[in-house]
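Trainee: I have a structure I would like to understand better, so I am pasting it below and will then ask my questions one at a time.
The values are calculated or read from the model by the stated rules, or taken from the named source; none is laboratory data. Owing to the predicted nature of the structure, the values given are computational and were not obtained by experimental measurement. Note that we place each Cβ from the backbone using ideal geometry, even for glycine, and neighbour counts take in every protein chain shown.
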């Protein structure tokens, strides 16, 4: 279907692809992986014709319908969310809006003299629209938008009033509604909550076309793809299996390559000793020359590139009192919408609370009230004795100084610590080499999140309040963070849509129903997220297995 044959691509001195080949076949679901800057986005852009290879062939059939979801928020205004989703969904979307315009034209008295032409055009458009099953399009659009977390009032409301994250969901809905032959998806789960991620999993499992996607969500990748294409050092290497299979197979290949390298080095050293020993012996001259020529012809085995993640070890926080946070008769509402109505919860030392709930259930509101960022309408939130709190939310990025570099920010925050310790801290959060000299102003959202997390965890508080801590983190950093937090001796309450994080860290689950949930009363599960899923039969409120 789509093939890359011996392609070469470079930007300045940076080699992206070197004689790389890859093929995406009909119906295949492929995960695209590789370190930042390896060329994943470049590969997408070459498929859609936005970039060209310097050399080699990129073959894309002319009549192939490609849908491309990328991390760019388009300008959206002047339409409802429903109309915006339909508008960009392909040919049926175009016809949908042309029918609307023709309908208005037929009702316009000033265009009465054009009525015959308008009616003729309306007939042609309507026929094509029916052929494309266009009259089911609005119902399909509502189904997709509901799946991505939109409520009916949002769907019929002004798209211009949405935040950037919600506009990304509208863009995703457009691409899915287009029913393309090939879906290219760059981090589709970045702005989704767990309920929407699970819905998208089901959608993509039943999707009949080919899929090529990147994702920092291991669980999402494992459930959808049956093949991995890894971009590494200019090559594209494929693995027939899910992400877990790829990791195991890659480790085996690395081990075999290291063994082959060691064997070859031993052989080369032995041959070199013979050459050095008999170089001046006339009787051995022919043998020496023969071995020198043979060595020149040997293709050298290279050591595999190790992508080592720096292990981060917590300093032990001071011990807090047994009762960390006591919430009594909590009430909170926003306008007519009641979020909490007499809510009670006690968080005890050493517990790790995962807060679950659909959009609008009050997850972030609860964390903000615990952190003191907002006040309840009634009731109380009492924090325990000897408590130091670390609160991470997207607003945490605002405390970074845009005029400083990464290492300068860490030196400012921890003036008593040596440069070596701070570089190790930066390395654990994927700031290695020259990355520590990047200006904070130039950092991506994910990089800022990593830096904010590093600052908070270096001298850890004994109570962590974390709101979506894994947003924008790559797989390596996310898994390092989970492993580090497993060793954390304090107390945690967190909101996360990442199931690796939920499974790895929770010891308690608080499920908030919200107005769109099964009921509004919160449910407490005195067990881990794994036990919660086993007991309830669902991975998130309202999502049933």
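Trainee: Out of the range 303-322, which residues are within 19 Å of residue 253 (Cβ to Cβ) and modelled with pLDDT under 70?
Mentor: Keep residues of the range 303-322 that are within 19 Å of residue 253 (Cβ to Cβ), which gives 303-309.
Of everything in the range 303-322, those that are within 19 Å of residue 253 (Cβ to Cβ) and modelled with pLDDT under 70 turn out to be 306, 307, 308, 309.
Trainee: Considering each of 232, 244 in turn, give the residue that is within 29 Å of residue 192 (Cβ to Cβ) and surrounded by 14 or more Cβ atoms within 10 Å (Cβ to Cβ).
Mentor: Values: 244 fails: surrounded by 14 or more Cβ atoms within 10 Å (Cβ to Cβ).
Only one candidate qualifies: 232.
Trainee: Filtering the range 425-441 down to residues that are modelled with pLDDT under 85 and more than 22 Å from residue 467 (Cβ to Cβ), which residue is surrounded by the fewest Cβ atoms within 10 Å (Cβ to Cβ)?
Mentor: Among those residues, the one meeting the criterion is 434.
Trainee: State all residues of the range 115-139 that are loosely packed, with under 11 Cβ neighbours inside 10 Å and either under 15 Å from residue 89 (Cβ atoms) or in contact (Cβ under 8 Å) with a residue 12 or more places away in the chain (or both); if no residue qualifies, say none.
Mentor: 139
Trainee: Show me the strands (runs of 3 or more DSSP E) entirely contained within the range 455-545 in which 1 or more residues are surrounded by 22 or more Cβ atoms within 10 Å (Cβ to Cβ) and either at pLDDT 85 or above or in contact with a strand residue (DSSP E or B) (Cβ under 6 Å, 6 or more places away or on another chain) (or both).
Mentor: Answer list for the range 455-545: 463-467, 491-495, 508-512.
Trainee: Regarding the range 352-373, can at least one residue be identified that is over 22 Å from residue 509 (Cα atoms) and either surrounded by 14 or more Cβ atoms within 10 Å (Cβ to Cβ) or not assigned by TED's automatic domain parsing to the domain that holds residue 529 (or both)? Steps first, please.
Mentor: Taking the range 352-373 as the starting set, the residues that turn out to be over 22 Å from residue 509 (Cα atoms) are 373.
Imposing the further condition that a residue be either surrounded by 14 or more Cβ atoms within 10 Å (Cβ to Cβ) or not assigned by TED's automatic domain parsing to the domain that holds residue 529 (or both) reduces the set to 373.
Checked the range 352-373: at least one residue is over 22 Å from residue 509 (Cα atoms) and either surrounded by 14 or more Cβ atoms within 10 Å (Cβ to Cβ) or not assigned by TED's automatic domain parsing to the domain that holds residue 529 (or both).
Trainee: Here's something else I'd like to know. Which residue, of 379, 384, is surrounded by 18 or more Cβ atoms within 10 Å (Cβ to Cβ) and either in contact with a strand residue (DSSP E or B) (Cβ under 9 Å, 6 or more places away or on another chain) or not assigned by TED's automatic domain parsing to the domain that holds residue 478 (or both)?
Mentor: 384
Trainee: Of the residues 290, 206, 215, 233, which is under 23 Å from residue 470 (Cα atoms) and modelled with pLDDT under 95? Steps first, please.
Mentor: On the way: 290 fails: under 23 Å from residue 470 (Cα atoms); 206 fails: under 23 Å from residue 470 (Cα atoms); 233 fails: under 23 Å from residue 470 (Cα atoms).
Just a single option satisfies the conditions, and that option is 215.
Trainee: Tell me which residues, restricted to the range 392-424, are surrounded by 14 or more Cβ atoms within 10 Å (Cβ to Cβ) and under 23 Å from the mean Cα position of the chain (by Cα). So that I can check it myself, show each step before the final result.
Mentor: Of the range 392-424, the ones surrounded by 14 or more Cβ atoms within 10 Å (Cβ to Cβ) are 392-394, 396-397, 400, 404-411, 413-414, 417, 422-424.
Result: 392, 393, 394, 396, 397, 400, 406.
Trainee: Counting only residues that are in contact with a strand residue (DSSP E or B) (Cβ under 8 Å, 6 or more places away or on another chain), more than 17 Å from residue 67 (Cα to Cα) and in contact (Cβ under 8 Å) with a residue 12 or more places away in the chain, give me the strands (runs of 3 or more DSSP E) lying completely in the range 163-282 with at least 3 of them.
Mentor: Working: elements: 182-186, 210-214, 227-232, 235-239.
It comes to 227-232, 235-239.
Trainee: Going by the structure shown, is residue 339 assigned by TED's automatic domain parsing to the domain that holds residue 463, in a loop (DSSP other than H, G, I, E, B) and touching a helix residue (DSSP H, G or I) at 6+ places or on another chain (Cβ under 9 Å)? Please lay out each step first, then the result.
Mentor: Values: assigned by TED's automatic domain parsing to the domain that holds residue 463: yes; in a loop (DSSP other than H, G, I, E, B): no; touching a helix residue (DSSP H, G or I) at 6+ places or on another chain (Cβ under 9 Å): yes.
Here the answer is no, as residue 339 does not meet what is asked.
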